[in-house]
Amino acid sequence: ENYDGLERHAVLGEPFVLVLPGDWGGPVDNLHWLARQLDFVRYTPQSLIGQTVERHLRLNRLELPARLHLDNTFAVLSLVSAGVGWTITTPLCLYQAGLDRLNVRVAPLPTKPLHRELTLVARRDELGDLPAQLARDGRRLLERHYRAELQRHLPWVLPEIVT
């Protein structure tokens, strides 16, 4: 972040959300209680998303048993969809895994909000206008496809999405 020789182009800002099995009928406002009912399905600690979620859990004094660590979003959300447990992820990860195919319930985090920003980073003056163009095209595609899918499945999250 502090390296001067780079240019940065914002692509997406989004919140993290709570994801539970689709038939979950219990409360979603207490993660301690939830962790006693279902396993927490984690991303591996080597992944950036896994590190972000783990940091957030620590800051909120949530020490959850480490039973399930998976290295990709599809695997994490497939286990949640199958009713094995719950997770914390982002709307883009849900979109990537296929919102139409998942049997999940999505809710806001009952903790302090957690957000992430996706940024295209390139060496300054090395690729001309290409990085800015790629970021613009990426935002345009997200606007067209990602937002439309969120409107169908998770309209309450749209005000927190920045493209």
Among the listed residues D71, D29, D39, identify the single one that is touching a Gly at 6+ places or on another chain (Cβ under 7 Å) and either touching a residue at least 12 places away in the same chain (Cβ under 8 Å) or open to solvent by less than 30 Å² (accessible area, probe 1.4 Å) (or both).
D39
Check off (1) open to solvent by 40 Å² or more (accessible area, probe 1.4 Å); (2) under 15 Å from the mean Cα position of the chain (by Cα) for V84 and give me the number that stays unchecked.
(2)
Are there any pairs, at least 6 apart or on different chains, whose C-beta atoms fall under 9 Å, with the first in the stretch 119-136 and under 17 Å from V162 (Cβ atoms) and without any contact (Cβ under 8 Å) to a residue 12 or more places away in the chain and the second hydroxyl-bearing (S, T, Y) and surrounded by 12 or more Cβ atoms within 10 Å (Cβ to Cβ), and if so, which?
none
Return the residue satisfying two criteria in turn: it lies in the stretch 100-117 and is open to solvent by 60 Å² or more (accessible area, probe 1.4 Å) and under 20 Å from L48 (Cβ atoms), and of such residues it is farthest from the chain's Cα centre (by Cα).
K112
Has the stretch 71-80 got at least one residue that is part of a helix (DSSP H, G or I), within 19 Å of W33 (Cβ to Cβ) and out of contact with any Leu (no Cβ under 6 Å at 6 or more places or on another chain)?
yes
Regarding A66, is this residue surrounded by fewer than 19 Cβ atoms within 10 Å (Cβ to Cβ) and among the aliphatic types (A, V, I, L, M)?
yes
The residue that is most open to solvent (accessible area, probe 1.4 Å), considering only those in the stretch 1-26 that are closer than 30 Å to V121 by Cβ and charged (D, E, K, R), is E1
Hey, could you check the stretch 125-146 for residues that are in a helix (DSSP H, G or I) and of a type in the set (D, E, K, R) and say which is most open to solvent (accessible area, probe 1.4 Å)?
R144
Taking only pairs six or more apart or across chains, which ones have beta-carbon atoms under 9 Å, a first residue in the stretch 143-163 that is closer than 15 Å to A107 by Cα and touching a residue at least 40 places away in the same chain (Cβ under 8 Å), and a second residue that is aliphatic (A, V, I, L, M) and loosely packed, with under 12 Cβ neighbours inside 10 Å?
L150/L158
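The values are calculated or read from the model by the stated rules, or taken from the named source; none is laboratory data. This is a predicted model, so every value here is computed, not measured. When we count neighbours, we look across all protein chains shown, and the Cβ atoms used for this are built from the backbone with ideal geometry, even at glycine. Remember, those area values only see protein heavy atoms, side chains included, never the ligands or the DNA or RNA. Shrake-Rupley method; radii C 1.70, N 1.55, O 1.52, S 1.80 Å.
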